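K.L.:
Before I ask anything, here is the structure I am working with.
Since every read-out is calculated from the coordinates, none of them should be taken as a lab result. Just so it is clear, the model here is predicted, and its values are computed rather than measured. We place every Cβ from the backbone using ideal geometry, glycine too, and count neighbours over all the protein chains shown.
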Amino acid sequence: MLANDQTPLAIINSVVIPAGGTVSGVETKQHEAVSITFDIEKETLFLTLLLSRELTKEVSSLDVYVITDGVEEKWTYNPLFRMSRDKSKHYSLAYKPTEQLGVKFGDGSMGMMPPAGCQVRIDVMASLGDYTLAEGQKLEPAGNIAQYVESLEFKTDSIITGGSGMETTEETRNRAQYYVAYDEQVVWGGDYRQFIQNVVHGTSWLNVWGEALQEKITGFDVRNINKIFFCGHKPGVSQAQLKSEILKALENVPNELNKRFEYVDTNEQPFTIKFTGIARKKCSDRRRSKCY
């Protein structure tokens, strides 16, 4: 679907609309599916395929498919090719000084190389990041439902908001220094906050603590042993949804120490901010009251 300013929006799950009927409460996000296909002429060591700079700025997530003799297969993201073998269908992400994001394949011993004559398709979920659309706005059918423009009418029944602004160059540089040792398969030094903020995008704040701090709050309890607690806020997302996203992300983290995870709902309370300041005003023309 397209908003009035031609911003693309997408329905998250399939929806059945009865003839002459109305469906409300449909979950919608500001993103657009973009597919880029590359023809592979020969096997290449550590083959790297880059996205354009324009698309790189909007990448929210991506998947990689290798198509061989008409058969499509999804390959697995494996940072730094950790434990990859010659038959491992893995890829890693690459970021070039040209500000282009790309995918990198192995060398045949540490991850497979895409075979000659195949195609590689990168499916990207592109997003503008921080975005808000007011309630009651009409949306235009587009993409695979564009032909229903005369028979379907879309209108927002609540404010659509979400995402966050792009990182600055300095933020990207600092993260790049950290990511060399951090490959999303282990949580170095118990840094769950870093891991979750990478996987669960758009959180405005996130708090993580362990059993020691929890027992200072609620007292000693054997149920707190080996437990990690989480609490956070994501604009436009309920606590139940955020809990589900965080716990799902943690399912992929190795847990040899048998850590247990618990999400704690926020207890939102109103508060007042008092401040004292001095307003300085200078007028260049008192008669016309032009002030700066």
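K.L.:
Between the DSSP loop rule and a limit of at most 11 other Cβ atoms within 10 Å, which GluC sites (Glu not before Pro) in the range 1-50 are left?
P.N.:
For GluC sites (Glu not before Pro) across the range 1-50 that sit outside H, G, I, E and B with at most 11 neighbouring Cβ atoms in 10 Å, the list reads Glu27, Glu41.
K.L.:
³J(HN,Hα) across the range 11-28 via Karplus (A = 6.51, B = -1.76, C = 1.60, θ = phi - 60°), whole Hz, x for Gly/Pro?
P.N.:
3J(HN,Hα) across the range 11-28, in whole Hz: 7, 6, 10, 5, 10, 9, 10, x, 4, x, x, 10, 10, 10, x, 7, 6, 9.
K.L.:
For the range 89-100, take each phi angle, set θ = phi - 60°, evaluate the Karplus expression 6.51 cos²θ - 1.76 cosθ + 1.60, and give the result in whole Hz per residue in order, putting x for glycine and proline.
P.N.:
8, 10, 9, 10, 9, 10, 10, 9, x, 6, 6, 10
K.L.:
Counting pairs of alpha carbon atoms under 8 Å apart in space and at least six apart in sequence, what relative contact order in percent does the range 33-119 give?
P.N.:
Relative contact order comes out at 40 percent.
K.L.:
In the range 43-116, what is the count of Lys pairs whose alpha carbons are under 15 Å apart, counting only pairs at least 8 residues apart or on separate chains?
P.N.:
Lysine pair count for the range 43-116: 6.
K.L.:
Now a separate question. Could you tell me what a quarter of the Cα convex hull surface of the range 16-122 works out to, in nm² with one decimal place?
P.N.:
With the hull built on Cα positions only, its mean projection is 9.7 nm².
K.L.:
Tabulate in residue order the Karplus-calculated ³J(HN,Hα) for the range 209-224, using 6.51 cos²θ - 1.76 cosθ + 1.60 with θ = phi - 60°, rounded to whole Hz; enter x for Gly and Pro.
P.N.:
8, x, 5, 4, 5, 4, 6, 5, 8, 10, x, 5, 7, 4, 6, 8
K.L.:
Quickly rank 257-264, 203-210 as a protection proxy: mean count of other C-beta atoms within 10 Å, highest first.
P.N.:
Descending packing order for the listed peptides: 203-210, 257-264.
K.L.:
Rounded, prolate or oblate: which one fits the range 202-278, using the alpha carbon gyration tensor with axes a ≥ b ≥ c (rounded when a/c is under 1.5, else prolate when a/b beats b/c, else oblate)?
P.N.:
It is oblate, given that a/c is not under 1.5 and a/b is not larger than b/c.
K.L.:
Beta carbons within 10 angstrom, averaged per residue: use that to sort the peptides 5-16, 126-137, highest first.
P.N.:
126-137, 5-16
K.L.:
Let me ask another. May I ask you to give the average projected area over all directions of the convex hull of the Cα atoms of the range 190-229, in nm² rounded to one decimal?
P.N.:
3.3 nm²
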